[in-house]
Each structure stands twice: as structure tokens, then as C-alpha cells.
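The values are calculated or read from the model by the stated rules, or taken from the named source; none is laboratory data. As the structure is a computational prediction, the values presented were derived from the model and not from experiment. Cβ placement follows ideal geometry from the backbone for every residue including glycine, while neighbour counts extend to all protein chains displayed. Side chains included, ligands, DNA and RNA excluded: accessible areas come from the protein's heavy atoms. Shrake-Rupley method; radii C 1.70, N 1.55, O 1.52, S 1.80 Å.
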Amino acid sequence: MKKILIIDDDIMTLQIMKKHLEKDYEVQIENAGYRFLKKIDEYKMDLILLDIEMPIMNGKQVFDELRMMPDYQHIPVIFLTGVTEPQLVMQLMQEGAAGYIVKSAGKEEMLKKIERVLTNY
């Protein structure tokens, strides 16, 4: 079973997304990007869903750190965003993000994007 790690500072979002995904995937959650990086070796993941807007260390900063780690730079990252910021999304895609999901997207759309990324990596 594929393993997905969701990183988001909103506990409610984490719980909802975990509920949507846990039937098809093994799901782990973390509510802070900096905390994830501190204990990255404890996680086993095939895909990361990463919130863009987080306090202390935002999703882009976490992504940049991840891309500098040889053992983890191959893991696909799909960004989670509450708003569509075309410039930022384009920049993240150019830097190697596997995609993005608008948080208001429905469960089916989210599952399709995740499956597409996991199939192509």
C-alpha cells in the first residue's frame, strides 16, 4: 500500500484529508513543516501533500529543503493551497512540484490527482 504524508497546520484539514485517503493509502500526518524536517527519517512516504501557507516555515521553504536532501529529493510533492495563486503555482511547478490541489476540491478530484502522480513517479 502506498504511503502518503500530509503536512498542514490546520488540524481539521489534516483529519478530513486523512479520512478521505486512508481507505486506499497508508496516511501519516504532520502539522508543521519544520517539525517534519526535524524528524524526516521517521517517515516513510511515497508522496507528500504539502500546504503552502504555514507559519514559521511555509510549504515552499519545506519543499526547497527537501530538494536539497539526496535521500528525499525524488519524492513527489503535491502542494495544497487554499487559494489559487497562479504565479506561485507556476513557480512551484517549474521547480519540480508534482502538482497542486485546491483545498476546496472534492474528494474525487483529489484522489484522481494523487493517483495520477503516484502512477507517473
Quick check: anything in the range 46-55 modelled with pLDDT of 95 or more, closer than 26 Å to residue 1 by Cβ and not in a strand (DSSP E or B)?
-> yes
Positions within the range 35-50 being farther than 18 Å from residue 13 by Cα and not hydrophobic (A, V, I, L, M, F, W, C), in sequence order = 38, 39, 41, 42, 43, 44, 46
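Filter the range 1-24 down to residues that are over 12 Å from residue 48 (Cα atoms) and either touching a residue at least 40 places away in the same chain (Cβ under 8 Å) or of a type in the set (A, V, I, L, M) (or both), then give me how many there are.
The initial filter retains those residues of the range 1-24 that are over 12 Å from residue 48 (Cα atoms), namely 1, 9-24.
Within this subset, residues satisfying the condition of being either touching a residue at least 40 places away in the same chain (Cβ under 8 Å) or of a type in the set (A, V, I, L, M) (or both) are 1, 9-14, 16-17, 20-21, 24.
Qualifying residue count, the range 1-24: 12.
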Taking the range 33-45 and keeping residues buried (at least 17 other Cβ atoms within 10 Å of the Cβ) and either among the charged types (D, E, K, R) or outside any helix (DSSP H, G or I) (or both) leaves 45
Applying the selection to the range 68-89, what residues are surrounded by 12 or more Cβ atoms within 10 Å (Cβ to Cβ) and either in contact (Cβ under 8 Å) with a residue 40 or more places away in the chain or assigned to a helix (DSSP H, G or I) (or both)?
-> 76, 80, 88, 89
Look at the range 1-27 and say how many of its residues are outside any helix (DSSP H, G or I) and in contact with a Lys or Arg (Cβ under 6 Å, 6 or more places away or on another chain).
-> 4
Please work out if residue 114 is within 22 Å of residue 26 (Cβ to Cβ), in a loop (DSSP other than H, G, I, E, B), open to solvent by less than 70 Å² (accessible area, probe 1.4 Å) and among the β-branched types (Val, Ile, Thr).
-> no
